[in-house]
Amino acid sequence: MKGTTRVVALLAVASLAAAVPSSAQTGLPRAAPETLGLAADALAGITDVLNAVVAEGRLAGAVVGVARDGRVAYLEGVGFQDVATRTPMTERSLFRVYSMTKAVTAVAVMMLHEEGRFELSDPVSRYLPVFDRAVVLNGDGSTRPPERPITVEHLLLHTSGLSHRTSPEYRGARVRARDMTLDQLIENMVRVPLRFDPGEGYLYSESSSVLGRLVEIWSGRPLD
């Protein structure tokens, strides 16, 4: 299960990094994957994974596009945009999108990774020493040091053990406020124990906020 989750999550990051809603709408020409340095078999695997998820009833449908150098190598719709009417998902299906700052931040992270600013396996504490103080919550309410440090990859995959801003833990600790700096937000987050050891589970969380601060550190520029 962990392997499948990781594959789907990585595909999501890759798709967000190079997604196009429709080659016709954007005017981007199509191209064979091999001419763009991409593997056709690997791209076809995206369709296989998504079709399996749709068949299991975990996803109604999706449209995924991968483009490189201004040309579309892969663009497929799977499943349904309306399950009740069995209307198929197509390249022109419209989506209401939330939390786009997370997608933009993830793309910025991967751009900086391509520039060699860090490795995905780097511990976050290398850049944000406050994470050396992170602890994990045990079932009996006690805390302990984590089995392994949080890495950049854990943040991207939301497997860091951090909680979401709307969680009872973060609300109770008043972790987040709109006038708060990223540094203060992260300081507050570390005061609250991790929900699980990094890499041992998935939880949609404030990991993207930590990535935003890392983008600032790696780039030397404000996230805004």
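The values are calculated or read from the model by the stated rules, or taken from the named source; none is laboratory data. Because the structure is a prediction, the values reported are computed rather than measured. Cβ coordinates were reconstructed from backbone atoms using ideal geometry, including for glycine residues, and neighbour counts include every protein chain displayed.
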>> Tell me the residue from THR159, THR105, THR166 that is touching an Asp or Glu at 6+ places or on another chain (Cβ under 8 Å) and either among the polar types (S, T, N, Q) or loosely packed, with under 15 Cβ neighbours inside 10 Å (or both), please.
In response: THR159
>> Being surrounded by 14 or more Cβ atoms within 10 Å (Cβ to Cβ) and either under 30 Å from GLU206 (Cβ atoms) or not assigned by TED's automatic domain parsing to the domain that holds VAL215 (or both): is that true of VAL97 here?
In response: no
> So TYR170 clears everything in (1) more than 16 Å from GLY212 (Cβ to Cβ); (2) touching a Gly at 6+ places or on another chain (Cβ under 6 Å) except one condition, right? Which one?
Replying inline: (2)
> Given ARG191, ARG195, ARG174, which one is in contact with a strand residue (DSSP E or B) (Cβ under 9 Å, 6 or more places away or on another chain) and touching a residue at least 12 places away in the same chain (Cβ under 8 Å)?
Replying inline: ARG195
>> Take the conditions surrounded by fewer than 17 Cβ atoms within 10 Å (Cβ to Cβ), within 20 Å of MET111 (Cβ to Cβ), in contact with a Pro (Cβ under 9 Å, 6 or more places away or on another chain) and at pLDDT below 95 and apply them to GLY70. Does it pass?
In response: yes
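If you go through region 115-146 one residue at a time, how many are of a type in the set (Lys, Arg) and either out of contact with any helix residue (DSSP H, G or I) (no Cβ under 6 Å at 6 or more places or on another chain) or at pLDDT below 95 (or both)? Explain how you work it out, then say what you get.
Start the filter on region 115-146 by keeping residues that are of a type in the set (Lys, Arg), which leaves 117, 126, 133, 144.
Right, trim to either out of contact with any helix residue (DSSP H, G or I) (no Cβ under 6 Å at 6 or more places or on another chain) or at pLDDT below 95 (or both) and you get 126, 144.
Matching residues across region 115-146 total 2.
Name the residue, out of GLY141, GLY116, GLY161, that is in contact with a His (Cβ under 9 Å, 6 or more places away or on another chain) and on the phi > 0 side of the Ramachandran plot.
On the way: GLY141 fails: in contact with a His (Cβ under 9 Å, 6 or more places away or on another chain); GLY116 fails: in contact with a His (Cβ under 9 Å, 6 or more places away or on another chain).
Result of the check over GLY141, GLY116, GLY161: GLY161.
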>> List pairs: first residue in region 35-50 and on the phi < 0 side of the Ramachandran plot and in the same structural domain as VAL64 (by TED's automatic domain parsing), second residue loosely packed, with under 15 Cβ neighbours inside 10 Å and among the hydrophobic types (A, V, I, L, M, F, W, C) anywhere in the structure, Cβ distance under 8 angstrom, at least six positions apart or on different chains.
In response: ALA40/ALA32; VAL49/VAL7
> Restricting to region 108-120, what's the tally of residues that are loosely packed, with under 10 Cβ neighbours inside 10 Å and either over 30 Å from GLY27 (Cβ atoms) or touching a strand residue (DSSP E or B) at 6+ places or on another chain (Cβ under 6 Å) (or both)?
Replying inline: 1
>> Please go through region 27-44 and give me each residue that is among the hydrophobic types (A, V, I, L, M, F, W, C) and part of a helix (DSSP H, G or I), ordered by number.
In response: LEU36, ALA40, ALA42, LEU43, ALA44
> Do you know which residues across region 51-80 are free of Cβ contacts under 8 Å to residues at least 24 places away in the same chain and closer than 22 Å to LEU28 by Cβ?
Replying inline: GLY77
>> Cβ-Cβ under 6 Å, sequence separation 6+ or interchain: first residue in region 203-222 and at pLDDT 95 or above, partner among the basic types (Lys, Arg) and assigned to a helix (DSSP H, G or I). Which pairs?
In response: SER208/LYS102
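Residue by residue through region 184-224, note down the ones that are in a loop (DSSP other than H, G, I, E, B) and among the small types (Gly, Ala, Ser). Before the answer, list the steps.
Narrowing region 184-224 to residues in a loop (DSSP other than H, G, I, E, B): 192-193, 195-206, 220-224.
GLY199, GLY201, SER205, GLY220, listed by residue number.
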> If you check every pair at least six apart or on different chains, which have Cβ atoms under 6 Å apart with a residue in region 116-139 that is part of a helix (DSSP H, G or I) first and a residue that is of a type in the set (Gly, Ala, Ser) second?
Replying inline: PHE131/SER125; ASP132/SER125
